[in-house]
1. Regarding ALA37, is this residue modelled with pLDDT of 90 or more, of a type outside the set (Val, Ile, Thr), more than 18 Å from PHE109 (Cβ to Cβ) and surrounded by fewer than 19 Cβ atoms within 10 Å (Cβ to Cβ)?
2. Pairs needed: first member in region 82-97, outside any loop (DSSP other than H, G, I, E, B) and at pLDDT below 80; second member anywhere, surrounded by 11 or more Cβ atoms within 10 Å (Cβ to Cβ) and of a type in the set (Ser, Thr, Tyr); C-beta distance under 6 Å; at least 6 residues apart or different chains.
3. Take GLY26 and decide whether it is touching a Phe, Trp or Tyr at 6+ places or on another chain (Cβ under 9 Å) and at positive phi.
4. Consider region 40-60. How many of its residues are in a helix (DSSP H, G or I) and exposed (fewer than 12 other Cβ atoms within 10 Å of the Cβ)?
Amino acid sequence: MRKQIETYIPKAMEAIVQTGISNEQGEVSKQFNGYIASFGASIRSAGLLATVLFYQNEQSKSEKDRTKVVKAIEYIIGHSIIEDGYVSKDTRAKVEDAAVALKLSIRTFKLV
């Protein structure tokens with residue numbers, strides 16, 4: 001595991017709570033587990049910009065608020081993913097590492 005992912009794991013656990021992915025009892029909806037798991041695969045197939053735009057779509061018919069996944073990743077990396085309509089190469093690597101850390105961290109919460 002890359003060192004960056006290891007440093008992101010505590011921040012990812014904090015992000016799950018701070019962004020409302022988990023509820024007051026420390027439980028996470030199974031839908032969020034699926035959203036987080038598919039985020040990385042979506043980056044690989046559609047690209048980072050398209051994935052972020054898809055997850056930020058507030059008018060989607062998703063069961064849970066997918067925008068929380070993007071907010072959690074931004075919380076982990078400490079800045080916005082998209083700046084001035086672009087994603088820097090450095091940001092892409094950070095987002096990929098943060099997505100992995102988020103995926104690993106969600107396993108410590110009870111899925112409901």
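The values are calculated or read from the model by the stated rules, or taken from the named source; none is laboratory data. Just so we're clear, the structure is a prediction, and the values are computed from it rather than from any experiment. For neighbour counting, all protein chains shown are included, and Cβ atoms are generated from backbone atoms with ideal geometry for every residue, glycine included.
1. Working: modelled with pLDDT of 90 or more: yes; of a type outside the set (Val, Ile, Thr): yes; more than 18 Å from PHE109 (Cβ to Cβ): no; surrounded by fewer than 19 Cβ atoms within 10 Å (Cβ to Cβ): yes.
No, not satisfied.
2. Pairs that qualify, where the first residue is outside any loop (DSSP other than H, G, I, E, B) and at pLDDT below 80 and the partner is surrounded by 11 or more Cβ atoms within 10 Å (Cβ to Cβ) and of a type in the set (Ser, Thr, Tyr): there are none.
3. For GLY26, the condition - touching a Phe, Trp or Tyr at 6+ places or on another chain (Cβ under 9 Å) and at positive phi - is met.
4. The first filter runs over region 40-60 and keeps only residues in a helix (DSSP H, G or I), leaving 40-46, 48-55.
Now restrict to residues that are exposed (fewer than 12 other Cβ atoms within 10 Å of the Cβ): 41, 44-45.
The total comes to 3.
For every residue, the table says whether it meets (1) without any contact (Cβ under 8 Å) to a residue 24 or more places away in the chain; (2) in a helix (DSSP H, G or I).
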residue	(1), (2)
MET13	no, yes
VAL17	yes, yes
ASN33	no, yes
ALA37	no, yes
GLU63	no, no
ILE73	no, yes
